[in-house]
């Protein structure tokens, strides 16, 4: 029997055949040649389909290849598409999904402009508009934009003026966790044989709490388990040890930060320490968040642990390197969302040879909470 010319089939029929043929090969383990024979198509036709599926999944097989030239879009129409996407998500247009896909854009162009484009053309259109696939930052619906703006326009400027008047330092505090598990992703292996990743079963994890300021000071502690009020007080005790001046500590709304025992300790300092909460669900306003981003992109997460190596030791080594690199710490305040808190006079200053001979005080282990270790910067690293 002569093979059917796929070009003579309508889009819907060919789309159905593509999906069914690939599904039979991938899921039912049938031979490609036998599958294509059952459809009366040339046996080599399936291989580009299998390649497209491997690269881009089922969506690639659902694409309809337009016959003849597709309708052209005017520049104004293209700009309209761009306005749909930038600054908004599909849910604002009645879709249930919060992420933009080519198929959603395709449907909007069809519904609002009456123009039919295949998915490939939609992808080319988006690329021409400098719109690329990206992993979005997540922000909670509970975030209050007015509260955030009030923090930027009123609360923090007032806090900064008070700090200058009283000679106080402003620190930003946050917590983060690290694990020894390698990140899931792609690896290399022999074609046709899926690699198996064996794990040791000895999973390590460690948590870190730190404080950072715009002048480049950095203070950190490692601890096991969840942060509680007692361990937070212990952190504050070590953080305040040896400090003669006043400190404004900006932090989030973690329950441990608001506990009675914490308020009692802060009160015992007779005004030397004040805790100031950030707006709820606004971690992007905290420069300390960029410490974690830096560590996970440049530290332990990018350098897998060797056999029997301690995660705690590796994390503490990374923290110490950050402590010694004040220009790096100051650079965290140069990020757009936290630039409001930067000390630009210090940020733009030259720091050549500032502390090249400064020894770092060794890490110590606390006595009241054995799982908590703190990292202390020597006085020469203080502003």
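Where a number appears in this text, it was derived from the coordinates with a stated rule and is not lab data. These figures come from a predicted structure and were not determined experimentally. FYI the Cβ positions are ideal-geometry reconstructions off the backbone, even for glycines, and counts take in every protein chain you see.
For the reader, a short list of remarks on this structure follows.
- Length gained on full extension, residue 244 to residue 143, computed as 0.36 nm times the residue gap minus the Cα-Cα distance: 32.7 nm.
- The slack between residue 270 and residue 15, meaning 0.36 nm per residue of separation minus the straight C-alpha distance, is 84.4 nm.
- Residue order, fewest to most surrounding Cβ atoms within 10 angstrom, among 209, 26: 26, 209
- FRET efficiency estimate (nearest 0.05) - Cβ-Cβ, residue 296 to residue 331, R0 22 angstrom: 0.85
- Of 239, 172, the sequence from fewest to most neighbouring Cβ atoms within 10 angstrom is 239, 172.
- Exposure proxy ranking, count of Cβ atoms within 10 Å, fewest first, for 313, 76: 76, 313
- FRET E, pair residue 224, residue 101, Förster distance 41 Å, beta-carbon r, rounded to 0.05: 0.50
- Region 75-128 - percent relative contact order, Cα under 8 Å, separation 6 or more: 26 percent
- Label separation (residue 205 vs residue 75): 5.5 nm, computed from points 7 Å beyond Cα along the C-beta direction.
- Treating r as the C-beta distance of residue 37 and residue 118 and R0 as 22 Å, the FRET efficiency rounds to 0.20.
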